[in-house]
Amino acid sequence: MKNSSVIAACLFAALNICTLSARAEAEVTAQTYNYGTHLDIQKVISLTQDNSVTCGIVDARMTYLDSAGKTRVLDYSKFADGCNDGN
C-alpha cells in the first residue's frame, strides 16, 4: 500500500513540474529580430513558421534557451521552405 502512495505522489509532483514549465514558457514575451540584434542562443527548443504552399516571405518563431538557461522567443521573417526546391 505504501509503494502505491509513493508512486502516486511522484506522479503528482512530476505533473506539477510539467505544468509549471509550460506556464513559464507561455509567459515569455517574444522579441522581434532586427538586423544587428544580439542573440545569445545556447539551445534551440523549437522552430515554427506560417504554413505557405508558395515561395515567399513568411513569419517564423524560434524558442530557445540562452546561456543563463532562460527561455526566450524570437519572431523573424524568412523564405518559406517551398522556396528551397528549385533554388
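Structure notes:
- Candidates Ser67, Ser52, filtered to the one that is part of a loop (DSSP other than H, G, I, E, B) and surrounded by 13 or more Cβ atoms within 10 Å (Cβ to Cβ): Ser52
- Evaluation of Leu65 against (1) touching a strand residue (DSSP E or B) at 6+ places or on another chain (Cβ under 8 Å); (2) modelled with pLDDT under 65 (one fails), failing number: (2)
- Filtered by the rule that a residue be charged (D, E, K, R) and either modelled with pLDDT under 90 or touching a Pro at 6+ places or on another chain (Cβ under 7 Å) (or both), region 24-59 gives Glu25, Glu27, Asp50.
The values are calculated or read from the model by the stated rules, or taken from the named source; none is laboratory data. The shown structure was predicted, so the numbers you read here are calculated from the model rather than taken from an experiment. Virtual Cβ from ideal backbone geometry, glycine too; neighbours counted across all protein chains shown.
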